[in-house]
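Just below is one structure, and these are the notes that go with it.
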Amino acid sequence: MLTTSLVLGGSLLAAGAAVAADAPGAGVSAVLQSKMVSEEVIVDGQGVQGGLFTLKTANGEIQTYCIDFGHPVNTGDGVEYQESDWKSSSLGGKDKAPAAAKIRWILENSYPQVKDLKKLAEAAGVKGDLTEQDAAAGTQAAIWNFSDGKNAVPTDSQAKQLRDYLVSDANKGIAAEPKPSLSLTPDSVSGKPGGKLGPFTVNSSASEVKLAVSGDAKDKVKLVDKDGKPVTGLTGPVAKDTQLFLDVPAGTPDGAATVTADADTVVPSGRVFLSKGYTPAKHSQTMILAGSTKLSVTDSAKAAWKQGKGALVDSVAQVECDSNGVRVSVANNGDEAGSVTVTPGKTVTVQPGKVESVVVPVAEDAAYDIKVTGPNGFNKEFKGILDCKVSTGTTPTGTPTATTSKSPTGTPTGTPSASSTTTAAHPAPVGTSPAPGTTGLAQTGGNDATPVIAAVAGGLVVVGGAAVFILRRRGRHGGSAA
């Protein structure tokens with residue numbers, strides 16, 4: 001994950017904590033599940049199920065609301081999501097800052113962050129009992145008001161009263177974006193021995209981050225802070241954009257190392273979750289975190305060093321919603337100029353110690369596949385889908401019919417201690433029921449040609465096939481380095 005501010009810090013691109021378009025997607029990965037806590041909400045004259053989605057991680061569950069009404073929940077099993085930043089979503093852009101602040105206030109002051117429904121009802125002036133389904137539907141309807149400009153109205157009177165409160169002048173907004181669960185950026189650096197490679201930038205909501213170095217010359221290279229002091233961990237609260245470097249002594253043979261960061265943390269509400277699908281057919285609506293359990297997260301970055309003369313280039317990429325495209329930046333940490341080709345894009349010459357950037361225009365909702373090639377066999381690829389604007393898609397014809405089932409045990413902290421959840425069925429005209437035994441996720445946006453998705457098979461899909469109970473960094477904006 002990278003910011004637009006790129007500098008040379010001893011040997012390569014420095015980075016902050018916005019979402020990158022490269023393979024890494026630091027933080028939490030999760031898989032959409034088939035259960036919802038929801039009720040009917042009327043949007044544009046049609047009914048949809050509005051409420052909380054459940055996503056499963058390697059060691060817990062998270063719950064999310066939709067902030068992308070015009071896109072459907074994708075069909076198919078095991079729809080994967082990746083934690084991300086506002087900048088890479090429809091909340092990105094200066095014009096969306098007020099809406100993002102209003103949405104974060106809703107998340108912090110409604111369900112499930114406020115688990116005491118009686119207390120929530122009193123604060124909102126709701127007359128009558130407020131159920132979990134009411135609270136989820138009212139909260140989702142209020143969020144759609146700011147994320148998509150939709151006048152979404154729950155059919156339940158208590159849910160509507162909650163929605164009215166959440167969009168009223170009582171909502172003062174919370175402008176600050178929540179911290180990532182864990183990010184270590186950029187994903188790769190290069191340089192020459194005899195100095196500090198980096199900086200790597202760490203951001204985390206965790207109270208403690210453990211750090212380790214593996215690979216070549218691990219008895220010689222060491223991770224240090226900005227003052228050159230060895231570091232094996234960070235204690236919270238972790239300062240924003242904490243910088244670390246890999247100290248590689250002069251004369252160290254050519255090689256590479258991996259820096260790994262690990263943490264346990266409750267992911268802050270307000271973090272955006274993006275679909276990992278790399279094609280429009282596999283893309284799924286963007287969501288925002290409402291509550292989570294304490295989760296184990298990990299992130300890693302690579303460092304390579306090479307002696308001798310020549311260009312040493314590295315590249316990062318970042319979705320820039322304000323630019324309607326992807327900014328690809330290339331740093332040269334060698335001692336000779338290097339010619340680098342960005343496809344599609346152009347060829348740029350990067351002088352030693354400099355950074356050159358190219359903005360690759362991408363149409364809204366279009367897939368991109370950007371390849372960067374340069375000296376010494378440098379090859380990197382950035383893939384993803386640009387999803388920056390609120391879609392004008394319409395809601396599906398007919399209202400999904402909901403059934404009620406008991407909640408599983410082990411409800412996450414900050415999520416409902418529910419006595420029941422709603423599992424919405426396949427789309428059916430109002431007043432009809434799905435075929436016996438069929439359940440699935442209700443669609444909360446999309447067009448008439450897009451059906452409600454079928455039930456998602458339970459269980460975590462671990463990216464890369466590694467059967468480990470820890471969250472690995474792989475993003476929707478994915479890529480690979482050759």
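For the reader, a short list of remarks on this structure follows.
- Every listed requirement among (1) touching a residue at least 24 places away in the same chain (Cβ under 8 Å); (2) over 28 Å from the mean Cα position of the chain (by Cα); (3) open to solvent by 50 Å² or more (accessible area, probe 1.4 Å) is met by residue 115 save one, (2).
- Of the candidates 167, 153, the single residue that is in contact with a strand residue (DSSP E or B) (Cβ under 6 Å, 6 or more places away or on another chain) and either polar (S, T, N, Q) or at negative phi (or both) is 153.
- Lone unmet requirement of (1) open to solvent by 40 Å² or more (accessible area, probe 1.4 Å); (2) modelled with pLDDT of 95 or more; (3) assigned to a loop (DSSP other than H, G, I, E, B); (4) farther than 22 Å from residue 88 by Cβ for residue 160: (3)
- Taking region 367-377 as the range and being assigned to a strand (DSSP E or B), of a type outside the set (S, T, N, Q) and either out of contact with any Asp or Glu (no Cβ under 6 Å at 6 or more places or on another chain) or open to solvent by less than 40 Å² (accessible area, probe 1.4 Å) (or both) as the test, the residues that pass are 367, 368, 369, 370, 372.
- Per the listing 101, 136, 142, 97, the residue uniquely under 27 Å from residue 205 (Cβ atoms) and open to solvent by 30 Å² or more (accessible area, probe 1.4 Å) is 97.
- The residue of region 283-318 that is modelled with the highest pLDDT, among those that are charged (D, E, K, R) and surrounded by fewer than 24 Cβ atoms within 10 Å (Cβ to Cβ), is 302.
- Checking residue 213 against (1) more than 30 Å from residue 70 (Cα to Cα); (2) open to solvent by 10 Å² or more (accessible area, probe 1.4 Å); (3) in contact (Cβ under 8 Å) with a residue 40 or more places away in the chain; (4) part of a loop (DSSP other than H, G, I, E, B), the condition it does not meet: (4)
- Matching residues, region 127-179, being farther than 15 Å from residue 65 by Cβ and either in contact with a His (Cβ under 6 Å, 6 or more places away or on another chain) or among the β-branched types (Val, Ile, Thr) (or both): 131, 153, 155, 174
- Some residue of region 122-131 being open to solvent by 10 Å² or more (accessible area, probe 1.4 Å) and under 22 Å from residue 45 (Cβ atoms): no
- Failed criterion for residue 321 (all others in (1) under 27 Å from residue 247 (Cα atoms); (2) touching a residue at least 40 places away in the same chain (Cβ under 8 Å) hold): (1)
- Scanning region 319-366 for residues that are closer than 20 Å to residue 379 by Cβ, in a strand (DSSP E or B) and open to solvent by less than 60 Å² (accessible area, probe 1.4 Å) yields a total of 16.
Residues are listed down the side, and each one gets a yes or a no for (1) open to solvent by less than 50 Å² (accessible area, probe 1.4 Å); (2) charged (D, E, K, R); (3) not in a loop (DSSP other than H, G, I, E, B):
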{"position": "217", "(1), (2), (3)": "yes, no, no"}
{"position": "256", "(1), (2), (3)": "yes, no, yes"}
{"position": "270", "(1), (2), (3)": "yes, no, no"}
{"position": "281", "(1), (2), (3)": "no, no, yes"}
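The values are calculated or read from the model by the stated rules, or taken from the named source; none is laboratory data. Everything numeric in this text was worked out from a predicted model, so none of it was measured. Positions of Cβ are generated from backbone atoms using ideal geometry, with glycine treated the same way; all protein chains shown enter the neighbour counts. When the accessible area is computed, the model is the full protein with side chains, heavy atoms only, and any ligands, DNA or RNA have been set aside. Shrake-Rupley method; radii C 1.70, N 1.55, O 1.52, S 1.80 Å.
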